[in-house]
Every structure is written in structure tokens, then in C-alpha cells.
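Note sheet for the following structure.
Every number here is computed from the coordinates shown, using simple stated rules; none is lab data. Everything numeric in this text was worked out from a predicted model, so none of it was measured. When we count neighbours, we look across all protein chains shown, and the Cβ atoms used for this are built from the backbone with ideal geometry, even at glycine.
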Amino acid sequence: MQGNTKPMADKKKHTISDELLTRFVFGELSEQEAAYIKSALEDDEIRLDFIQRKNLLDELSLKGISQGIDTEKGLSKLLNTIDQAQAHRHTFRYHTAWKKWLQLAAVITLLLGVGILIKHSRPKVISICSQHAILTDIFLPDSSVIWLNTASEISYPEKFNKKQRTLALHKGEIALKVKPNKECPFIVQTGKLQVIVVGTEFDVALDDSMGLTVVSVQSGTVRVVFPNDQQAPVLLGAGEKCSYSHSSFLIDTLEAASPNDLAWKTGMFVFNRLPLPRVMETIAKAFGYTVRFHSARAANCIITATLDGHDLNTILETLSLTANIETRIANDTIYVSGTGCLPLPD
Amino acid sequence: MISKKEHISPLSANARNQFIGLYQTYHKRLCLFALKFIRNQESAEDIVQEIFISLWERGYAINFDDTLQMERYLFKSVFNNCITHLKRSKSRHNHNEQVMLELMTTSADIDEHILSKELHEQIESIIQELPQKSKEIFRLSREEGLKNKEIASKLKLTEKSIEYHITKTLKHFKEKLIDYVILALFIIHFIPKN
């Protein structure tokens, strides 16, 4: 190495050596060498230099191989293939016209067959999944109406069968207003239990984080059936609610349904002398958030209010003014801070 | 029916001749280009053949007159098909193919993979500087790929003298392309034996 080429040569020592290049071109790299080259190629300058030197090596080494490439032989092979393909297509189109009728007949038979198959096969299943929005007024094939809370998923057949109407709740919460039909009960099937009704308004919520399935009824009567007949079915009347624990297989509570259970659907929150944390939790849950308190005195606030529950921001604004707090929403969490309230004298 | 007939033979006699001309012009260059990425002559030739077949199939959409565009299309197709080929053989591939694939995806501009004009000219000028005899022998050896023995019989020289000329030529290259010493050394390895 000498004269003006020296700096270049020096640089290459730190990059990819000619020896490595040669080994690469001849497919003799070891795993470590390959890894080294790969990482070195990330540098644009090194890569361009490497490619240039590879090109030169290719130029000098591949010329020798070029004798083995027979253009005329390749061409005659190609023309042969093409002519054969054409001749084949030609006869197919012009000498077998009658075959077309046969084909047509075959296609019609096939379509008929498929048609019959579709008619007798199981109905299509419709799946609906909500993420961050509440889906309202979904009409089922029997004109029952459902509401889907956030992060919920259901599926039901495109057409209900005549003996029963079945809808599967995979996760989340739904509220239903079932079209009465005594002949054909409506069943909400969750992984854990069945809710059977004839015609009523009710709500089913699967709460996986708490391990609970909650059923609450607004009107009519609902029968809740447990898996493998662990327990006798429970009848729930209007204004009643039961929650079923997935771990203990027990009905934990049988209590009066709170109007706030359905706030996400009705758009109304009713609070009567409740401490602020309970209020915030109810609201957050309805909108699919969790709550964090950064204010000790916020718990002192007692709220009595009826709030229009359609807009979370309006609700939070109202509560902020009432309870002297500040709220902030980030990453599915409502953060509560601020002065809060003085403790009430006992 | 008439329109169908056109589809069956998309290329007129004239176009067919143009197609053949195209094949004869580019086939070898494209094969050599493919060989830069896939060091297997059979696979490289298959890739080029496939490209010509698909070119024929879309015959009616081809503009044979725009040479530059056609050339770009052909080289780009070879390049892309080589990438596909390398990716497909991934299950059995070795480190070299991995590096090649990396190189091709990070430098997807085919111009980078074609010997730069400067280097090409450099090589040409070195060849030009050679004495007449050496120049002829080098061309026969490198560009026509003749073996030393064949060159000897063609030029009515002894094999020893052919070897002498080629060694001298390579030495010349070695001096001129001092950056590529190893490459020059390598060429000696690559001289067709016998």
C-alpha cells in the first residue's frame, strides 16, 4: 500500500477486508463473519464501498462463467415453451366448443349443489365487539334490542331458530330489552351461566377482573341457570340483581339493582349521600376507566346529585366544582387531586 | 371472438422478432447479473427465463421501443426475483445468503449493484494499456471464457506462453488496482485450468 491510496486502504481495515469480501463472494463465511458483515453494512458508507468492491470482484470472476451461459439454447427452450402453450390454448378454444356446454352444465350443477348446501348448513354467526364506545340500539333478528357497553363482545346467529333464541356474551356487559315470545325463550349464554327470559328488560355483565357475572333486572322475570346444575336456578324479579362468583360458584349477593348499574345505557347517574370515591368509581366503571385519588380529603365529600351521564367531561366538571377537586384523564385512568372537603362533624 | 384471438397470440410476427432480439441482447447480461446474487448458474438462468416468459405473457402491454425503460424493467425484475429466491430458500439458507439478502434489501437500488462506470472504465483502460498479445489473450480468457488450452490452439501458441501472458496481465492489474490486491490474487485462482 503506498501513495495516495493509503488512506482508503487504512479505512477498509476498519470496515470489511478484501479477504472477508472474497470469502463472502465464494460462500465461505462463518457465522461470526456473517454477523460482522451484517452489522458493518448498516453504515451507508461502508455498504457502498463494499458493494463497489463486490462489483469489481463480480466483474472479474463472473466473466469466466459467462461461457457456460448458452443464450441460443435458452432462447429455443423459451420459444418452445411459448409455442406449446399457445398451440394448447388454440385447440382448447376452437376445437372443443362443445366442451364449453359441458362446462356450463357442470358449473350450473355445482352452483345448485352449493346453494342447497348453504340452505341446509348452520346459519351464519354475527359477532359484535365494542372497544371504547358504547353501541346502542342493536336490533336482533327477532327485533329485541341490545346495548353493548365498552370493551364487550357478543355473537348470535344471523337467524334465530324456532325453539330458542340464543345470544353469547363473551366479555363485557350488555343490556337487553327482549321482545316477548312465550314459545321461544331468549337465552343469554355466558361462559359461566345461562340467563333465560321470555320477554323482559335486563342486564348481564361479565366482570373478569373481579371474577363475577352480574345479572340485574329492570322489568319482568329472569331465570338464571348455573352450569352443571351446581345450584337450583334463581329467579330474579324486577329491580333485583345477583352476582355469581366464578371462583366460589356461589351467588354472592342478591340485592336491589341500583339505577346506576345501567347508567351507561340510560345516561343517568343518581347519587344519594354517597362519598366521593364511591361516586367516582361508579362513574369511572360506567365509562370503562379506573380511578386514582391523589387527594386525601376528597374522601370527605358527600355527593347527592342526579347527573346526565352522556358526557364524561361534563360530569367531571360538575363534580370538580361541587367537591373542590381537579380531575385529569390519562391512559384509561381518571386522576383526582385538589383540596377536597373538610370532614363532616359526626 | 376476434378480441380473444388477439389475446391468444399477443405478439405479432414483428413483435416476436423484437422479443427474440431482446432475449439475445440481454440474456447473458441478465444471467450474469443474477449470478451476482445467486451463486448457482442453473437457478440464475431459471430466474432470467421466468422473467422472459412473463414478459411474453404480457406481450401486448410491452413497449419494445423504449430501450432504457425496458432495460430497467428487466434488471429490476431479475433483482426482485433474486430476492424472492433467496427468501424462499431461507429454511435451508446459509450465512452467505443471509448477508446477501441483507445487502440487497438495504441497497435496493439496482444501479448500486451494477459496476460503476468509473470502475468499468478503469478496467477497460487497464486492458487498453496491455501489450497487443496480452490484451487479446486476456479478452479470450476473461470475456469469452476460453481455457488456456483453447486459447493456445486458437492463437497457435504454446500453453506455457499463454500462462505467461495471463500472469503478466494479472500482475499489471495488481499494480494498477492496488486497492484490490487480494482480488487480483484471487483472479489467479480463477484462471481456467488446463
Using a Förster distance of 30 angstrom, determine the FRET efficiency expected from the C-beta separation of B:GLN69 and A:ASP49, and round it to 0.05. 0.50
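For chain A, compute the orientation-averaged projected area of the C-alpha convex hull (one quarter of its surface), in nm².
Values: hull surface 154.8 nm².
If you wrap the Cα atoms of chain A in a convex hull and average its projections, you get 38.7 nm².
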Proximal aspartates and glutamates to A:LYS124, defined as alpha-carbon separation beneath 14 angstrom and excluding residues fewer than eight positions away on the same chain: A:GLU158
Segment A:267-338, Kirkwood Rh and Cα Rg, ratio Rg/Rh at 0.91
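State the extension gain, in nm to one decimal, for the chain segment bounded by A:LEU102 and A:LYS162, taking 0.36 nm per residue of separation less the distance between their alpha-carbons.
Values: separation 60, 0.36 × 60 = 21.60 nm, distance 4.16 nm.
Stretched fully, the A:LEU102-A:LYS162 segment lengthens by 17.4 nm.
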What is the percent of Cα-Cα separations in segment B:115-157 that go past 13 Å? 57
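Could you grab the relative contact order for chain A? Cα pairs under 8 Å, six or more apart, rounded to a whole percent.
7
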Modelled FRET efficiency - R0 30 Å, B:THR25 with B:LYS168, Cβ distances, 0.05 increments: 0.35
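Order of A:ARG273, A:ARG23, A:ARG47 from fewest to most other C-beta atoms within 10 Å?
A:ARG273, A:ARG23, A:ARG47
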Degrees, to the nearest 10: A:71-94 long Cα axis against longest axis of chain A: 50
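Could you tell me which of the pairs B:LYS149/B:LYS171; B:LYS117/B:LYS171; A:LYS171/B:LYS87 are separated by over 32 angstrom between their Cα atoms in the structure shown? Could the numbers behind the result be given before it?
Numbers: B:LYS149/B:LYS171 21 Å; B:LYS117/B:LYS171 23 Å; A:LYS171/B:LYS87 41 Å.
Those over the limit are A:LYS171/B:LYS87.
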Take the cross-link list A:LYS73/B:LYS28; B:LYS28/B:LYS135; A:LYS159/A:LYS179; B:LYS36/B:LYS76 and give me the ones stretching past 18 Å between alpha-carbons. B:LYS28/B:LYS135
In what sequence do A:TRP101, A:TRP147, A:TRP264 fall when counting other Cβ within 10 Å, fewest first? A:TRP101, A:TRP147, A:TRP264
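Between A:HIS246 and A:ILE116, what FRET efficiency comes out of the Förster formula 1/(1 + (r/R0)^6) with R0 = 51 Å and r the beta carbon distance, rounded to 0.05?
On the way: r = 43 Å, r/R0 = 0.85.
Efficiency at R0 = 51 Å is approximately 0.70.
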Gaussian network model of chain A, Cα within-10 Å springs - most flexible of A:LEU148, A:LEU78, A:LEU193: A:LEU78
